[in-house]
Amino acid sequence: MQRIRIVFLHLASFAILTVFTQVGGLLWLFSVWLSIKFKKKKRYVFPVVYLIFNAFLIPPIANQFGRKKLPVFEKQLQPKNIFYPLLFRNYVDENLEMVLKASSLELIKKDIRITYLDANFPFFDGFPLLPHRSHDDGKKIDINFMYMDGNGKSTNKKPSISGYGAYVDANNHTASNCLKKGYWQYDFPKYLTLGTINSLKFDETKTKSTIKEFLSHSQTEKIFIEPYLKERLHLKNGKIRFHGCKAVRHDDHIHLQVK
């Protein structure tokens with residue numbers, strides 16, 4: 001019975017890590033093998049193995065699959081928090097990397113830092129990056145809006161820990177309409193904030209500048225934001241589209257997709 005319980009726990013760990021990190025399940029199995037072979041405790045072996053692969057081994061392997069790891073500590077292009085790179089969710093294809101890096105160099109001149117959220121996993125098209133419906137081919141990434149503090153001064157802080165779920169207008173028409181039609185998941189990101197930490201105001205000017213910079217690149221295929229924000233920011237470009245009620249709302253972040 002004890003043996004069955006141990007096997008079940010290993011399988012559960014493998015499944016959970018695979019779902020949320022793609023490669024973590026394999027790293028767990030490798031760590032189990034190492035701990036048995038060298039008679040070391042898994043709670044010490046696994047973190048070391050995980051971090052070594054995350055920082056040094058997975059990125060060059062992913063390059064062979066056409067995926068590039070986004071920077072973690074660059075001033076002009078950085079994750080909302082360490083959660084995203086630690087879970088291998090900061091990989092993109094070459095086109096998206098080019099758009100992000102070129103845009104970041106232009107936007108930093110306006111004191112705008114690109115803060116990214118979920119991008120893609122390091123390997124294989126079609127492997128789902130939950131809870132997203134897409135983000136499975138290296139061509140998509142979520143970018144935080146820009147905000148102002150209580151004094152109206154632009155800040156790189158964001159209103160939630162995760163970067164998701166802090167809506168500009170919680171009761172906008174599109175969201176209400178989708179919820180009335182039964183698309184319950186449309187409002188789901190409000191449960192993914194991991195806590196709200198800053199009382200901030202949406203910075204229309206710098207968010208618009210960010211979107212326009214992305215649109216200036218021919219590789220940009222589409223951008224998702226809520227329709228009311230497109231109107232509010234006076235954005236006319238046809239690449240800015242409504243994502244539909246089957247997705248989740250986009251008035252807490254920008255969804256950027258390249259060709």
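On the stretch given as segment 7-25, residues that are touching a Phe, Trp or Tyr at 6+ places or on another chain (Cβ under 8 Å) and of a type in the set (A, V, I, L, M) total 2. Look at segment 119-140: where a residue is of a type in the set (Ser, Thr, Tyr) and a partner is modelled with pLDDT of 95 or more and buried (at least 18 other Cβ atoms within 10 Å of the Cβ), sitting 6+ places away or on another chain with Cβ atoms under 6 Å, you get SER134/LYS140. Residues that are aliphatic (A, V, I, L, M) and either touching a strand residue (DSSP E or B) at 6+ places or on another chain (Cβ under 6 Å) or at pLDDT 95 or above (or both) within segment 138-174 comprise ILE141, ILE143, MET146, MET148, ILE161, ALA166, VAL168, listed in sequence order.
Among the residues of segment 88-114, the ones that are surrounded by fewer than 18 Cβ atoms within 10 Å (Cβ to Cβ) and either over 19 Å from ILE223 (Cα atoms) or within 11 Å of the chain's Cα centre (by Cα) (or both) come to 5 in all. Within segment 71-101, the residues that satisfy the criterion of being more than 18 Å from LYS157 (Cα to Cα) and of a type in the set (Lys, Arg) are ARG89, LYS101. Total residues in segment 58-70 satisfying the condition of being open to solvent by less than 20 Å² (accessible area, probe 1.4 Å) and farther than 15 Å from THR21 by Cβ: the figure is 1. Looking at the structure I just gave you, is GLY163 open to solvent by less than 10 Å² (accessible area, probe 1.4 Å) and in contact with a Ser or Thr (Cβ under 9 Å, 6 or more places away or on another chain)? For GLY163, the condition - open to solvent by less than 10 Å² (accessible area, probe 1.4 Å) and in contact with a Ser or Thr (Cβ under 9 Å, 6 or more places away or on another chain) - is met. Residues in segment 205-224: is at least one among the charged types (D, E, K, R), open to solvent by 50 Å² or more (accessible area, probe 1.4 Å) and more than 22 Å from the chain's Cα centre (by Cα)? Within segment 205-224 (the criterion being among the charged types (D, E, K, R), open to solvent by 50 Å² or more (accessible area, probe 1.4 Å) and more than 22 Å from the chain's Cα centre (by Cα)), the answer is no, since none of the residues qualifies.
Matching residues to (1) over 17 Å from LEU87 (Cβ atoms); (2) buried (at least 17 other Cβ atoms within 10 Å of the Cβ):
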site: MET1; (1), (2): yes, no
site: ARG5; (1), (2): yes, no
site: LEU11; (1), (2): yes, no
site: PHE14; (1), (2): no, yes
site: VAL19; (1), (2): no, no
site: LEU26; (1), (2): no, no
site: LYS39; (1), (2): yes, no
site: PHE46; (1), (2): no, yes
site: LEU51; (1), (2): no, no
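In segment 71-99, the residue that is farthest from VAL23 (Cα to Cα) out of those that are out of contact with any Phe, Trp or Tyr (no Cβ under 9 Å at 6 or more places or on another chain) and in contact (Cβ under 8 Å) with a residue 60 or more places away in the chain is MET98. Taken over segment 227-243, the criterion of being in contact (Cβ under 8 Å) with a residue 60 or more places away in the chain and surrounded by fewer than 17 Cβ atoms within 10 Å (Cβ to Cβ) is satisfied by PHE242 alone.
The values are calculated or read from the model by the stated rules, or taken from the named source; none is laboratory data. Worth saying up front: this structure is predicted, and the values here are computed from it rather than measured. Here the Cβ is made from the backbone with ideal geometry for all residues, glycine too, and neighbour counts use every protein chain on show. Protein only, heavy atoms only, side chains kept; ligands, DNA and RNA dropped before computing areas. Shrake-Rupley method; radii C 1.70, N 1.55, O 1.52, S 1.80 Å.
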